[in-house]
Amino acid sequence: MKKILLLVLALIPVLTFAQGFQVNLEGQKQIGMGHTGTGLVQDGASVFFNPGAVVLLPENYIQAGISPLLFKSDFNPSGTNAQYQSLNKVATPFNFYAVWGPKSSWWKLGLGVYTPFGGLTDWGKSWQGKYVLESLDLKAIYFQPTLSIKINKVLSIGGGFVYNRGSVDLTQAIPLGNSSGQDGQAELKGTGKGYGWNAGLYIKPSSKISIGLTHRSKVSTTINNSDAIFTVPASVQGGFPQPNTFTATIPLPATNSLGIGFYPTDRWTVALDVNLINWNVYKVLAFDYKTNTSSLQDTYSQRNYKNAVSLRAGAQYKANTKTALRFGGGYASTAVRDGYVTPEAPDANRVYVTAGLGYKLAKGLDVDVSFEYEHLMSRTQTNIQSQLSGTFETNVYIPGISLAYHW
Amino acid sequence: MKTLKHFIYIIVGLVGLVACKPEINTPKPSHGTANFSRFIAVGNSLTAGYADGGLYLQGQLNSYPAIMAKQMLSVGGGTFTQPLFSTAQSNGSGYLQLTGFSSTGSPITAPVTSNLAVRGILPVPGFGNVTLYSKYSGDINNYGVPGIKLLNITYAPYGNLNGFYERLLPGDSPTNTTPYLAFITAKPFTFFSNWLGNNDALAYATSGGAGDVLTDPTTFAALNTLLINTLTQGGAKGVVATIPDVTSIPYFNTVTEGAILAAVQKANPSVTGLYINALVSGTTYAPRVATPTDLIVLTFPTSKIGQPVSTPYGTLPYGLTPYTPIDNQYVLDANEVTLTENAVTAFNSSITSTANAKGLAVFDAYTFLKNIKSNGLVTNGISLNSNYISGGLFSLDGVHLTPRGYAIVANEFIKAINSKYGSNIPLADVAAYGGIKFP
């Protein structure tokens, strides 16, 4: 009998996905106009914005766009002058749409592939919150086949089925230093899937106004049997058995939208959108490790998100037959309550402005470019779970370009 | 096409223009009503940066006064010099290293014995052997001396009896006659921290109440007043800390009566209790069955339990009969705990009242560590507590702190200073300081 010690390494890594990682970059024309489009018929992006409007597209469409996104966050820990900046990493939200149907028929088919949720944040391995998060790369890619039907001159409807392929790669430091003082590392990496649906209603009571109403369902995405990689000093590796896997479910929330389009003149289109995002489904985040030890327990952390609202407005001016100029902006309320803000994507109320340009390159071929600048208000918080305390402020810069071919 | 080009230029321009990072405005650094231009730290092993059972370079570099001084730089703090061991002798007095865990999860430690700064061992008549270390002769801001009690600060020959103090003095033991109080106040300073007094209770407690005595609270109060009066007489401001409850450290809470008994019972279910030699009153000790309120020290060699001991009543197993109780030096029994706690309470009331009378900032380490003992501490995503090794705060000796623990203490000192003097010394990044090193 050597020394008798009650030794339990109670250093359970609590890994977190926080934040409304909603990415509102689903079509370059729409981004240019403040990401409005629920109440408009613009192009193939209606598959996402309003399946009910797809049938009203005058032509068949095939289009693709990309919106490289630079998320720049700054963190000032409470009681210090230190500033930690997230590293420059460019995420690549994209959109692809195809719409086909007989000319002037009462139905059309559509397919959308887009990235409505995701996040790419990298704070590096030496910042003050490294034990909460070093980096996160989260992607959700929705595949959405869609059918749109014209009921009568005024009303059309549409709906689609959504398959989500999600992936996550999250890294965090573990406070177990090796003989040279280097931290342990946790990495959770894997893919998962989820299902949902999307439906919309489009009403055009006159040539001066159009109204859209949509619901995009919750997509509960389960990351199954994915790798849980723990690199810790050899003497404590027993507490973090390798290989190991984890399972976690993230509910990607439903969104309800109401959009209105106005057409004051031939050249002008004005659009307003209101979205209600049902983030309150995100109550807890649970991680279930396949092999548990006294050091590695399943975790169950409160998220308690609240529903969020976004208000958007935008306009398009047709300068000539080839060129359209667009601008817009909006406001989105945060889903994250005080005490739950985390560095994954330090959420806060946000405002944004957008601009865009559409140009007809050739018959049936459009190029659209867009730019969005988003500012997340500075928010001073102490996270209830991690006690990471400080002020976050974030700017997001999103240029984008798309090509659309229609016939 | 021209419009498109223009538009792309505009966008590229916009990206270039705004792709600057966000910047949060922070308050302008201010020293408030204090002056940090020459900061000195007064104290014992905790102040010196002692850790893992020794004083060594890495620990010195992570001492809480060094961390505080670094944070003070932005509010007018000056150079902060510590009596560091040289790189060649970076292991100083030697210290403990974690080498692994046994199959039952018990930590295995080994002493580091290379690159020491030991100069020699000097037998002092009537006192014992004093280990002497390589001399340090430069400027000093950190006056932390491992082992020193408040009781010792006016004792002129003390520089001959404590090797860590002797190394700071010009003369060799046994020729020194400079009392600690005179030594630390010889050069003017503008701000001080004082965390003396722990050893006036701790030395008694860690020896199981057998190898040392508690300082008399009246003597403590008088010396504390003298110390604070002397430190403040030149107009310096400062911060003092209370003495932690010695029973809130892992040294007394890791090898427990319950754990030993459970292990013994595994092998021999008929055993119902451990015997200790416990304080009855005054200096009278008598054997009795141990209870969970008797604290067994971390260094108790548990392998002794059950070993045959020859007694007038025959050969009996160690620790398991009233004739073979666990030696006094390994146990701070319930009555000794009470004596220690009473002393600490009295010491702290002197410390607080003297500081308040002089308008000094106070870091209540007693309450702070007691609170961590009961509730743990979560900061920057790190979950810390007072457990041995796994808790992350205390180093391998179970008494002193890890660099991370010292950073937390430095921040508490800084908070106390800021709130007293209206300064805004920035807090240190606790996550940047390490804990126990695992092989």
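The values are calculated or read from the model by the stated rules, or taken from the named source; none is laboratory data. Predicted, not measured: the structure shown is a model, and the values here were computed from it. Here the Cβ positions follow ideal geometry from the backbone for every residue, glycine too, while neighbour counts run over all protein chains shown.
General remarks:
- Check on B:Val399, away from every other protein chain (no Cβ under 12 Å), assigned to a loop (DSSP other than H, G, I, E, B) and of a type in the set (A, V, I, L, M, F, W, C): yes
- Restricting attention to the range A:35-89, the residues being more than 13 Å from chain B (Cβ to nearest Cβ) and of a type in the set (Phe, Trp, Tyr) number 3.
- Any hit, the range B:68-79, residues being more than 17 Å from B:Val145 (Cα to Cα), touching a residue at least 12 places away in the same chain (Cβ under 8 Å) and of a type in the set (Ser, Thr, Tyr): yes
- Of all residues in the range B:104-137 being within 14 Å of another protein chain (Cβ to nearest Cβ) and without any contact (Cβ under 8 Å) to a residue 40 or more places away in the chain, the one that is farthest from the chain's Cα centre (by Cα): B:Thr104
- So A:Ser295, is it crowded, with 16+ Cβ neighbours inside 10 Å and closer than 18 Å to A:Leu188 by Cα: yes
- Restricting attention to the range A:189-214, the residues that are in contact with a Ser or Thr (Cβ under 6 Å, 6 or more places away or on another chain) and of a type outside the set (Lys, Arg) add up to 10.
- Qualifying positions in the range B:170-215 - at pLDDT 95 or above, touching a strand residue (DSSP E or B) at 6+ places or on another chain (Cβ under 6 Å) and assigned to a loop (DSSP other than H, G, I, E, B): B:Phe189, B:Leu196
- Residue check for B:Ile389: of a type in the set (Val, Ile, Thr), more than 12 Å from every other protein chain (Cβ to nearest Cβ), over 12 Å from the mean Cα position of the chain (by Cα) and closer than 19 Å to B:Tyr251 by Cβ: no
- Condition check for B:Ile148: surrounded by 24 or more Cβ atoms within 10 Å (Cβ to Cβ) and part of a loop (DSSP other than H, G, I, E, B): yes
- Set B:Gly78, B:Gly54, B:Gly32: member being at pLDDT 95 or above and either under 16 Å from the mean Cα position of the chain (by Cα) or surrounded by 22 or more Cβ atoms within 10 Å (Cβ to Cβ) (or both): B:Gly54
- Number of the exception - B:Pro22 against (1) within 14 Å of chain A (Cβ to nearest Cβ); (2) modelled with pLDDT of 95 or more; (3) in a loop (DSSP other than H, G, I, E, B): (2)
- For the range A:298-342, filtered to residues that are surrounded by 22 or more Cβ atoms within 10 Å (Cβ to Cβ) and aliphatic (A, V, I, L, M), the residue that is farthest from A:Gly390 (Cα to Cα) is A:Ala324.
- Looking only at the range B:289-335, residues that are of a type in the set (S, T, N, Q), closer than 16 Å to B:Ala278 by Cβ and surrounded by 15 or more Cβ atoms within 10 Å (Cβ to Cβ) come to 5 in all.
- Cβ pairs under 6 Å, 6+ apart, first in the range A:143-157 and within 25 Å of A:Phe117 (Cα to Cα), second among the basic types (Lys, Arg): A:Ser148/A:Lys108
- The set of residues from the range B:265-312 being farther than 19 Å from B:Thr338 by Cβ, hydroxyl-bearing (Ser, Thr, Tyr) and not in a loop (DSSP other than H, G, I, E, B) comprises B:Tyr275, B:Thr302, B:Ser303, B:Ser310, B:Thr311.
- Lone qualifier among A:Tyr352, A:Tyr340, A:Tyr405 - being closer than 30 Å to A:Ser135 by Cα and over 16 Å from the mean Cα position of the chain (by Cα): A:Tyr340
- Cβ-Cβ under 7 Å pairs, at least 6 apart or on other chains, the range B:415-439 side under 19 Å from A:Gly177 (Cα atoms), far side part of a loop (DSSP other than H, G, I, E, B) and of a type in the set (A, V, I, L, M): B:Asp429/A:Ala82; B:Ile436/B:Ile389; B:Ile436/B:Leu396; B:Phe438/A:Leu176
- Residue within the range A:230-242 that is part of a strand (DSSP E or B) and touching a residue at least 12 places away in the same chain (Cβ under 8 Å) present: yes
- Residue match in the range A:91-111 (condition: crowded, with 17+ Cβ neighbours inside 10 Å, within 14 Å of chain B (Cβ to nearest Cβ), part of a strand (DSSP E or B) and not aromatic (Phe, Trp, Tyr)): no
- Residue list for the range B:416-439, filter: within 8 Å of chain A (Cβ to nearest Cβ) and in contact with a Phe, Trp or Tyr (Cβ under 8 Å, 6 or more places away or on another chain): B:Ala431
- Which numbered condition B:Ile140 fails, given (1) surrounded by 14 or more Cβ atoms within 10 Å (Cβ to Cβ); (2) within 14 Å of chain A (Cβ to nearest Cβ); (3) part of a loop (DSSP other than H, G, I, E, B): (2)
- Number of residues in the range A:150-185 that are under 28 Å from A:Thr38 (Cα atoms) and within 14 Å of chain B (Cβ to nearest Cβ): the value is 0.
- Residue under evaluation A:Ile260, criteria (1) surrounded by fewer than 18 Cβ atoms within 10 Å (Cβ to Cβ); (2) under 27 Å from A:Val162 (Cβ atoms), criterion not met: (1)
- Strands (runs of 3 or more DSSP E) enclosed by the range B:83-126 - at least 3 residues per element that are assigned by TED's automatic domain parsing to the domain that holds B:Ile140 and under 28 Å from B:Gly391 (Cα atoms): B:95-101, B:107-112
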